[in-house]
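What follows is a set of notes on a single structure, which appears directly below.
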Amino acid sequence: MSSESILITGARVLGQEPSDLLLRDGVIAETGSGLEAAGARVLDADGLIALPGLVDLHTHLREPGREDAETVESGTLAAARGGFTAVHAMANTEPVADTAGVVEQVWRLGSEAGHADVRPVGAVTVGREGRRLAELGAMADSAAGVRVFSDDGTCVSDAVLMRRALEYVKAFDGVIAQHAQEPRLTEGAQMNEGELSGRLGLRGWPSVAEEAIIARDVLLAAHVGSRVHICHLSTRGSVEIVRLAKQRGLPVTAEVTPHHLLLTEDLVATYDPRYKVNPPLRTADDVAAVREGLADGTIDIVATDHAPHPVEDKDCEWDAAAFGMLGLETALSVVQHTMVDTGMLDWAGVADRMSYAPARIGRCDTAAVGGQVHGRPLAAGEPANIVLVDPAASGIVDPRASSSLSRNTPYAGMKLPGEVVATFLRGRVTHSFGDRWRDSAAMTTNSRQRSPKGGTP
Ligand SMILES: [Zn+2]
């Protein structure tokens with residue numbers, strides 16, 4: 001626990017009028033204007049937006065097993081630089097996170113690294129093989145306190161297994177996060193199915209393969225009276241199904257990725273595997289629909305689906321390349337670009353979609369393992385989990401400047417708005433960029449760091 005006091009001056013909390021925030025002993029001790037604190041380090045936040053620390057419900061940290069792509073250390077460092085204070089680590093590691101032992105290992109690695117809290121996701125089925133249920137209860141009862149379960153990367157396609165999983169997690173208020181992909185309809189699929197896939201000669205991935213599973217699972221969840229969460233929803237039809245389900249009061253939540261908010265299938269015409277992702281990039285009409293869905297609350301959250309891959313798995317022919325894109329360091333910029341700068345969402349809306357709601361779905365907004373509570377308002381007495389963003393800054397995305405061990409960002413060379421200036425985890429600085437610090441006594445500045453976007457301070 002940090003005993004150091006930090007005074008943030010003039011931050012626009014959720015985009016509102018400037019206010020000071022005094023951080024002490026891991027919590028927000030005081031808010032208001034004209035605060036003073038003898039001996040505190042002072043961060044001048046003039047012009048910056050303060051948001052609650054971001055929470056990612058869908059991160060691939062790759063450890064254990066693929067430490068050449070990412071480690072808990074490097075992935076959570078990338079998270080901190082992107083403004084995240086908590087990430088949910090997906091279960092498709094080697095070995096798969098399908099036992100109490102593996103989820104506790106991942107949780108412990110996160111605590112040791114200290115850049116962001118790591119909330120392990122448990123696999124739904126043993127080995128993610130879709131044949132029998134994993135030890136969901138043991139993972140829930142473990143030190144990691146797992147509440148989110150997913151076979152992400154593959155779909156729980158067996159309706160009976162999905163029903164049993166939904167029934168099982170009810171006992172401890174868990175949620176099944178479904179990677180909605182009907183396997184038979186997507187065998188060998190390489191990109192969105194449509195006119196373009198025909199022209200490029202790539203096997204198509206029909207929208208209905210996603211929508212059919214979502215429709216089935218919202219009905220199953222309602223039948224069982226349990227919670228289902230839809231991962232990386234990507235089509236207009238999926239938005240419409242979730243909207244209808246919510247109108248009927250069915251227990252469903254949904255996420256969209258930053259890349260599905262911005263990029264379209266047209267990029268696939270380059271045959272550059274940086275644009276190969278699961279689910280695939282869709283059409284401009286789908287992008288419009290997911291933006292509308294996020295704005296009106298049909299889609300609850302933005303989740304990164306940060307999916308690091310080493311160069312040899314991406315720098316090859318399209319058909320052979322791995323699916324996935326980096327996302328942690330650029331998520332907030334893409335959301336500002338697509339949702340805030342377009343007037344579709346204000347900063348309070350961003351706080352909801354990227355902090356409050358994902359924390360609520362992952363059940364870390366109230367009682368949580370080791371006091372690792374997230375998604376709380378920026379008010380006195382709350383944990384000092386905060387991100388400061390400069391919405392007026394912009395920069396060119398430079399993959400070489402990333403904290404990730406991988407380089408597969410689809411935004412390389414693209415100019416994006418917004419700069420994460422500082423991230424605080426329980427009052428401790430986990431990321432700081434630029435020279436806005438001053439010691440209240442000595443007026444010293446802290447060391448400069450490179451921007452994830454390669455900009456100059
Ligand atoms: Zn997935």
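Residues are listed down the side, and each one gets a yes or a no for (1) within 16 Å of the ligand (Cβ to nearest atom); (2) in contact with a Gly (Cβ under 7 Å, 6 or more places away or on another chain):
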residue: HIS58; (1), (2): yes, no
residue: LEU61; (1), (2): yes, yes
residue: GLU67; (1), (2): no, no
residue: GLU94; (1), (2): no, yes
residue: VAL103; (1), (2): no, yes
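At least 1 residues being surrounded by 22 or more Cβ atoms within 10 Å (Cβ to Cβ) is the threshold, and among the helices (runs of 4 or more DSSP H) wholly inside the stretch 184-265 those reaching it are 207-224, 236-247, 258-262. Residues in the stretch 266-300 that are within 16 Å of the ligand (Cβ to nearest atom), in a helix (DSSP H, G or I) and touching a Ser or Thr at 6+ places or on another chain (Cβ under 6 Å): 0 in all.
Condition check: under 29 Å from GLU182 (Cα atoms), open to solvent by 10 Å² or more (accessible area, probe 1.4 Å) and touching a residue at least 12 places away in the same chain (Cβ under 8 Å). Does ARG282 satisfy that? For ARG282, the condition - under 29 Å from GLU182 (Cα atoms), open to solvent by 10 Å² or more (accessible area, probe 1.4 Å) and touching a residue at least 12 places away in the same chain (Cβ under 8 Å) - is not met.
Okay, residues lined up against (1) within 16 Å of the ligand (Cβ to nearest atom); (2) under 20 Å from the mean Cα position of the chain (by Cα):
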| position | (1), (2) |
| --- | --- |
| ARG119 | no, yes |
| GLY127 | no, no |
| GLY130 | yes, no |
| SER150 | yes, yes |
| LEU161 | no, no |
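So which residues in the stretch 71-92 are within 16 Å of the ligand (Cβ to nearest atom) and surrounded by 24 or more Cβ atoms within 10 Å (Cβ to Cβ)? Matches in the stretch 71-92: VAL87, HIS88, ALA89, MET90, ALA91.
Residues are listed down the side, and each one gets a yes or a no for (1) crowded, with 24+ Cβ neighbours inside 10 Å; (2) closer than 23 Å to GLU63 by Cβ; (3) in contact with a Pro (Cβ under 6 Å, 6 or more places away or on another chain):
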{"residue": "HIS115", "(1), (2), (3)": "yes, yes, no"}
{"residue": "ALA123", "(1), (2), (3)": "yes, yes, no"}
{"residue": "GLY153", "(1), (2), (3)": "no, yes, no"}
{"residue": "VAL156", "(1), (2), (3)": "yes, no, no"}
{"residue": "GLU167", "(1), (2), (3)": "no, no, no"}
{"residue": "ALA177", "(1), (2), (3)": "yes, yes, no"}
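Annotation note: of SER238, SER207, SER197, the sole residue that is under 28 Å from VAL334 (Cα atoms) and within 14 Å of the ligand (Cβ to nearest atom) is SER238. Exactly one residue out of ALA11, ALA29, ALA50 is among the aliphatic types (A, V, I, L, M), at pLDDT 95 or above, assigned to a strand (DSSP E or B) and open to solvent by 20 Å² or more (accessible area, probe 1.4 Å), and it is ALA29.
THR99: modelled with pLDDT of 95 or more, open to solvent by 40 Å² or more (accessible area, probe 1.4 Å) and within 16 Å of the ligand (Cβ to nearest atom), yes or no? Answer is no for this residue.
For the stretch 361-372, does any single residue satisfy the condition of being open to solvent by 10 Å² or more (accessible area, probe 1.4 Å), touching a strand residue (DSSP E or B) at 6+ places or on another chain (Cβ under 6 Å), more than 19 Å from VAL420 (Cβ to Cβ) and not aliphatic (A, V, I, L, M)? Scanning the stretch 361-372 turns up at least one residue that is open to solvent by 10 Å² or more (accessible area, probe 1.4 Å), touching a strand residue (DSSP E or B) at 6+ places or on another chain (Cβ under 6 Å), more than 19 Å from VAL420 (Cβ to Cβ) and not aliphatic (A, V, I, L, M). Residues that are among the aliphatic types (A, V, I, L, M) and out of contact with any helix residue (DSSP H, G or I) (no Cβ under 7 Å at 6 or more places or on another chain) within the stretch 315-331 comprise ALA320, LEU326, listed in sequence order. Of all residues in the stretch 405-427, those that are closer than 21 Å to ASP117 by Cβ have Cβ atoms under 6 Å from Cβ atoms of residues that are acidic (Asp, Glu) and crowded, with 24+ Cβ neighbours inside 10 Å, 6 or more apart or on another chain, in LEU405/GLU70.
The values are calculated or read from the model by the stated rules, or taken from the named source; none is laboratory data. Given the structure is predicted, the values throughout are model-derived calculations rather than measurements. So basically every Cβ, Gly included, is an ideal-geometry build from the backbone, and we count neighbours across all protein chains shown. Note: areas computed on protein heavy atoms with side chains; ligands, DNA, RNA excluded. Shrake-Rupley method; radii C 1.70, N 1.55, O 1.52, S 1.80 Å.
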